[in-house]
Amino acid sequence: MVSSLLVEALSSPTDALLSFYDTYDHEALNEFPKAVTKHFSDIFRTEEAFLEIPPLMPSVPMSSYRDRALVRFRALVQDTSPSPEVYLSKLRDGKCGGWGMTDTSQCDGDDNDFDYNDLRDCVILWAISVPGETEWYQAVSNEELPTQTACQHVESLRPHKYPIPRDTHYGVQIKMYGNCGNDIPKTADVLNFVGILTSEPQVLHADSDESLVVPTLHVLFIREHRLDILTAPKDPIQSHLREELLDWIANEALGGDRDAAEWILLACVARVQSRTRSLNPPSLTLAHFPSSTSSPPALPALTHVLSLLLPLHVTLPLSLDLLNSVPFVPESVNEDLHSGYLQLAHGTTMLMTESGIQEGKLVERGVLSVQAIQQVISAQTLAYKFPFSEFSFPTDISFVILAQGMKSALFQTDVTLPLNSPSTSDLYKAKSDVNLPSADKLEAFRHLILSAKTGNIDVTDTISEHIQEDFVQQRKADNVMSPEDLKLAITVARLIGLTKNESTVTVEGWEHAKELNKRRKARFA
C-alpha cells in the first residue's frame, strides 16, 4: 500500500511541508528544520520509495522540471564558501518560512514588519553533477536506460565551477536550513540532496550586487551516497571471472598484454587505506605506449574500456598548452571558488596520456600544475588557493599514466611497467569497435571491481610473520628489496586478494604479488 504522505510529498512537496508545519509545535520552531529532515527521510527511507523521486541529471533539460518539484540531486560539493543567508522561519501571516517560501503580503507593506526572533541562517553551497561519472553508472544509479544520452542543449551556468571544461553538467545552488553545526557537507563530498527545486538569484561576486538566476535546491534531507550500488549477484564471484576480466582488458585495450591489464586493474580498485601511514593508491605508468597516428589524435581504447567498467573515470590528454593554460587546482577569485581538473570525487580513476607533450616550455602556471598533479599522486592532497593562503584537502584518486618513453616525462609514480604488446594496431580503436562481453558478464565485471574498491581485507598475524620472514630472507639473498618495495608488495597482495573476493591476504596472494613484480622488473632487463 502506497503511503498518502509519499504521494503528497512526490506530487506537491510544498503542500507536504506546510501540512507538517501546521501539525508541529510552534513553540519549538528552532528544532523544526531537524524535524523536517527526519519527517521526509522517514517517508523515503526505503530504497523503493527513494527511487520514486525524480533525479536531477544533465540528460534531462531543466525546463522539464516544474517549479517547486521534488527532486534528488547526486552531486559533488564544489564550493562551501558562499555566505549564509538570513530567512524568516515564520512569515508575517504565521505560515512556514524558508525552503523558498516568502510572504507575498510583505510586498504591499513595511518590509521590516516582522519579529526579529524569527530570523534564522540558511547555509548555502554550490554543488555540481559528479565529474567523470560514467554513463552506465549514472543509469544504474538513477534506474534509467543506459541508452539515454546526455542532452546537448543543457546550458551549464557558471561553467568555471566545474572541473572538466565543456562537459555537460548541472550546477545548483544548495540551501540548507537549520543549525548544521559540524554536519555541513565538506568540499568534494558526494551526496544525494533531496529537496524542492526553484530558480533564484545568486550573487556572483562578494564586492558587487551583480547576480545570476540559477537552479536552487531547498534541501529537505540528505542521503549519503555509496559507490557500490550494484545488486550482489546470486552466485559468489568465481575465480575464473577475474581471469576473464583480465583477458578482456588485455585483448580490447592493451594488445594482449595481460600483466599490464592486471596492474591496471589493481590501480583502478585501489583507494586510500590510511592517511596517517600514507597507504595511498599505487600510481601506475604504462611505458612504451605508442602515440596515436590519426589526426586529431584518437583516444586510447583503454579509455573506452575503463568507462565501461568504472563508476568514475576521467581521461586527460596532457599537452604543454593544457598545463600552461587550464586550471588544475581550485582557486578563490573574489570569494568565488573556481574549479580545477583535480577537484574530483573520491574513487575517481584518472587516465593521463603524455603523447601530446611535445618540445616546448612550461610557464609558471604549467610548473604549478605539474606540481599539483604530483602532490595528488604522491600524498593524495590538493591545495586550494585563496587570496592570502592555501588549504590542503584530502583526495582519493587513482592515476594511470600512458607514457611514450621508459618512464613518465613529468611525474614519478609508484609503479612503471613497459607495455609488452605483440600488436599495437588496436590500441586506439574506436569505442564502437570494442568487443563487448554479454550484458550479464559485463555487470559481473563491474560488480567485481566495485566490490574490490569498496571492500576490506585483513592481514592476519600468521601472514604478517610469513611476509616478514620472507622479506628478511630476500634481503639476505640479494639485498635488493627495500622497505618501500615491501610496502608496495604488501599493498599489491592486498589488492590481489580484494579482486579475488578474499577477506584476508593469503600466502598464495603474497607469492602472486612477488611474481607479478618480478615479471615487471624483468621487462627492464
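A compact table of results
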read-out	value
Ala250 aliphatic (A, V, I, L, M), over 24 Å from Ser141 (Cα atoms), surrounded by fewer than 23 Cβ atoms within 10 Å (Cβ to Cβ) and without any contact (Cβ under 8 Å) to a residue 12 or more places away in the chain	yes
Condition met for Lys429 (touching a residue at least 24 places away in the same chain (Cβ under 8 Å), among the basic types (Lys, Arg) and open to solvent by less than 20 Å² (accessible area, probe 1.4 Å))	no
Residues satisfying the stated conditions in region 457-474, i.e. free of Cβ contacts under 8 Å to residues at least 40 places away in the same chain and either surrounded by 15 or more Cβ atoms within 10 Å (Cβ to Cβ) or among the polar types (S, T, N, Q) (or both)	Thr462, Ser464, Gln468, Phe471, Gln473, Gln474
Residue in region 274-283 that is surrounded by fewer than 22 Cβ atoms within 10 Å (Cβ to Cβ), farther than 27 Å from Asp440 by Cβ, modelled with pLDDT of 95 or more and not polar (S, T, N, Q) present	yes
Residue match in region 287-303 (condition: in contact with a helix residue (DSSP H, G or I) (Cβ under 8 Å, 6 or more places away or on another chain) and within 25 Å of Ala127 (Cα to Cα))	no
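The values are calculated or read from the model by the stated rules, or taken from the named source; none is laboratory data. Quantities reported herein were computed from a predicted structural model and do not represent experimental measurements. Ideal geometry is used to build each Cβ from the backbone, glycine not excepted, and the neighbour counts take in all protein chains shown. Heads up: the accessible areas ignore ligands, DNA and RNA and are worked out on the full protein's heavy atoms, side chains in. Shrake-Rupley method; radii C 1.70, N 1.55, O 1.52, S 1.80 Å.
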